[in-house]
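K.L.:
Supplied in structure tokens, the structure appears directly below.
The values are calculated or read from the model by the stated rules, or taken from the named source; none is laboratory data. Note that the structure is predicted; figures quoted are calculated from it, not measured. Cβ atoms come from the backbone with ideal geometry, glycine included; neighbour counts cover every protein chain shown. Each accessible area value is taken on the protein alone, full model and side chains, heavy atoms only, with ligands, DNA and RNA left out. Shrake-Rupley method; radii C 1.70, N 1.55, O 1.52, S 1.80 Å.
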Amino acid sequence: MKRIGISTGGGDAPGLNAVIRAVTLASIRRGWEVVGLLRGYGAFFDPNQIRILDRPAVRGTTHLGGTILGTRSGAYPFERRVEQDDGSVVVEDVTEEAVEGFHRLGLDALVAVGGDGSMRLALKLHQHGIPVVGVPKTIDNDLAGTNVTFGFHTAVDVATAAIERLHSTAEAHDRIFVVELMGRYAGWIALFAGVAATAQVILIPEIPYDIEEVCDHLMARERRGRHWAVVVAAEGARPVGGDFTWSKRIGGQTESLGGVAERVATQIHERTGKETRTVTLGHLQRGGQPIPYDRLIALRFGAAAVRQIEEGEFGVMVSLDPPTVRAVPLELAVSRMKSVPLEADVVATARDLGICLGE
Ligand code: F6P
């Protein structure tokens, strides 16, 4: 009998509960026990932060958004900030403590579900002797080593529907809408949703944009009698030779990507005189039910992770290599960010459809 731990880390993505359910059921089938670690890795430092996952715990959860285990993003969990008497702060590495916590929970293996940050943590734990299998999650689809991450296609689905809804109101008012989509430094969501929903302009981080080209495109359209347009901007889009757009997080000192829609809309208005509006879709792209494709991928990933554990193959991440799911070394997953390749056919498709990419 084995005792398997499972954690969900980083920003949530639709499909997390499907992974948890698949890991739980595939383990129970083998006579193993599954322990859910609550809110990331808190359980390694406080053994009460767990939930035993039995059949009732995962019943009816495949289609649910979020994660029944909770998650944390931002702060690195294997570091502790200790305030000194003089007010200064010393940062302690507590990885060894985390490893002790893993053993204290009586775990034989860990399934770490997450994006690049979580896979880095998983690799670190593996290097400290913990048997780990990673499962690739992120709406951004920017994780290397897998054809796709679960959550991505649901985000594309939400974004596509939103862009389509803007067409009619943009046309009714002869306005330009600039829609800001998530994706961090990769343009996958913006490109896929923009092409699928027939945006007139798509700006992605991989292709720095020239605002003059964007405005020329919009004005040429205007001359053809089309007085409205939808511009899709990935949050990581940036002008040629310019920087990303940042905004301060509420209540914090840190900044995150955000505000590019305002920036682009202002520039378009200044150059064309057109009435512009912005829409930032934000976390709507992450919340709610996973579409069937993501549920299926998530279930396949979860079941495959348990098969990896059964085979005793650790330090790997399950990955989609169509038509099958296989495992790749965690090192590969964290080796680079998976951006949109400029030679990707979907980029060529966008150009062939007459969509302006800001070039
Ligand atoms: O990585 C997923 C993601 O949703 C990014 O697309 C976005 O930049 C970021 O997380 C937002 O993070 P938070 O949930 O901390 O606001």
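K.L.:
Calculate, for Glu359 and His63, the FRET efficiency according to 1/(1 + (r/R0)^6) with r their C-beta to C-beta distance and R0 45 Å; round to the nearest 0.05.
P.N.:
Computed FRET efficiency for Glu359 and His63: 0.65.
K.L.:
For segment 100-168, go through all pairs of different Cα atoms, get the mean of 1/r, take its inverse, and jot down that Kirkwood value in Å.
P.N.:
14.0 Å
K.L.:
To check my understanding: the extent here is largest minus smallest coordinate of the Cα atoms along each principal axis. What are those three numbers for segment 126-251, in Å, largest first?
P.N.:
65, 34, 32
K.L.:
If you don't mind, there's one more thing I want to ask. Which semi-axis lengths, in whole Å and largest first, follow from the square roots of five times the eigenvalues of the Cα gyration tensor of segment 220-296?
P.N.:
28, 21, 11
K.L.:
Rounded to a whole number, what is D in µm²/s for segment 1-88 from Stokes-Einstein with the Kirkwood radius over alpha-carbon pairs (4 °C, 1.567 mPa s)?
P.N.:
Rounded, D is 92 µm²/s.
K.L.:
Which distance in nm do the two modelled labels at Asp352 and Glu212 give, with both placed 7 Å along the Cα-to-Cβ direction?
P.N.:
Taking the simple label geometry, Asp352 and Glu212 are separated by 3.0 nm.
K.L.:
Between Ser256 and Leu284, how high is the FRET efficiency from 1/(1 + (r/R0)^6) when r is the Cβ-Cβ distance and R₀ = 22 Å? Nearest 0.05.
P.N.:
Efficiency for this residue pair is about 0.85.
K.L.:
Moving to a separate point now. For q values of 0.11 Å⁻¹, compute log₁₀ I(q)/I(0) with the Debye formula on a Cα-only model of segment 52-171, without solvent.
P.N.:
-0.58
K.L.:
Oh, and also: Quick check on the chain: helices-only [θ] at 222 nm, where DSSP H runs of length 4 and up contribute -39,500 (n - 2.57) each and the sum goes over total residues. Nearest 500, please.
P.N.:
Helix contribution divided over all residues of the chain: -11000 deg cm²/dmol.
K.L.:
Mind listing which trypsin sites (Lys or Arg not before Pro) in segment 70-159 are in a DSSP loop and have 15 or fewer other Cβ atoms within 10 Å?
P.N.:
none
K.L.:
Follow-up question, since we're still on this one. Cross-link candidates for Lys274: which aspartates and glutamates have Cα within less than 16 Å, leaving aside residues fewer than 8 places away along the same chain?
P.N.:
Straight-distance partners of Lys274: Glu171, Asp174, Glu212, Glu213, Asp216, Glu222, Glu262.
K.L.:
So, R0 is 30 Å and r is the distance between the beta-carbons of Tyr76 and Leu342; what FRET efficiency does that work out to, to 0.05?
P.N.:
0.40
K.L.:
Return the inverse of the average 1/r over all pairs of distinct C-alpha atoms in segment 281-346, which is the Kirkwood hydrodynamic radius, in Å to one decimal.
P.N.:
For segment 281-346, the Kirkwood estimate is 14.2 Å.
K.L.:
Name the shape class, rounded, prolate or oblate, that the alpha-carbon gyration tensor gives for segment 191-240, where a ≥ b ≥ c are the square roots of its eigenvalues, rounded holds for a/c under 1.5, and otherwise prolate holds if a/b is larger than b/c and oblate otherwise. Each step should come with its number before you reach the end.
P.N.:
On the way: a/c = 3.11, a/b = 1.38, b/c = 2.26.
Here segment 191-240 falls in the oblate category.
K.L.:
Considering only Ile207, Leu191, Pro341, whose Cα is most displaced toward the positive end of the charge dipole of segment 189-348, charges sitting on Cβ of Lys, Arg (+1) and Asp, Glu (-1)?
P.N.:
Leu191
K.L.:
Could you state the accessible area per residue of the chain in Å², with a 1.4 Å probe and every protein chain left in place?
P.N.:
Numbers: 15520 Å² over 359 residues.
Spelled out: the 1.4 Å probe surface of the chain, per residue, equals 43 Å².
K.L.:
Over 16 Å, how big is the tail of the calculated P(r) for segment 267-316, in percent of all Cα pairs?
P.N.:
Distances greater than 16 Å cover 67 percent of the Cα pairs.
K.L.:
Could I ask something else about it? Give me the extension gain from Glu275 to Arg51: residue separation times 0.36 nm, minus the current Cα-Cα distance, reported in nm with one decimal.
P.N.:
In short, 75.4 nm is gained.
K.L.:
Taking segment 260-359, which trypsin sites (Lys or Arg not before Pro) meet the DSSP loop condition and have no more than 14 other C-beta atoms within 10 Å? Mind showing how you got there, number by number?
P.N.:
Working: sites: Arg263, Arg271, Lys274, Arg277, Arg286, Arg295, Arg300, Arg307, Arg326, Arg336, Lys338, Arg351; in loops: Lys274, Arg286, Arg336, Lys338.
Those that pass, being in a loop and sparsely packed, are Arg336.
K.L.:
Any idea what diffusion coefficient the chain gets from Stokes-Einstein, in µm²/s, Kirkwood Rh on alpha carbon pairs, 4 °C, 1.567 mPa s?
P.N.:
60 µm²/s
K.L.:
Modelling each spin label as a point 7 Å along the Cα-to-Cβ direction, I'd like the Asp174/Ala220 distance in nm, to one decimal.
P.N.:
The two pseudo-label positions are separated by 2.2 nm.
K.L.:
Moving on to the next point. Can you tell me how much longer the chain between Arg39 and Arg249 gets when fully stretched, taken as 0.36 nm per residue apart minus their C-alpha distance, in nm with one decimal?
P.N.:
Length difference between fully extended and current span is 73.5 nm.
K.L.:
Please work out the ratio of the alpha-carbon Rg of segment 220-359 to 2.2 N^0.38 Å and round it to two decimals.
P.N.:
Rounded to two decimals, the normalised Rg is 1.45.
K.L.:
Quick check: the angle from helix 116-127's long axis to the longest principal axis of the chain, C-alpha only, nearest 10 degrees?
P.N.:
Result, in degrees: 20.
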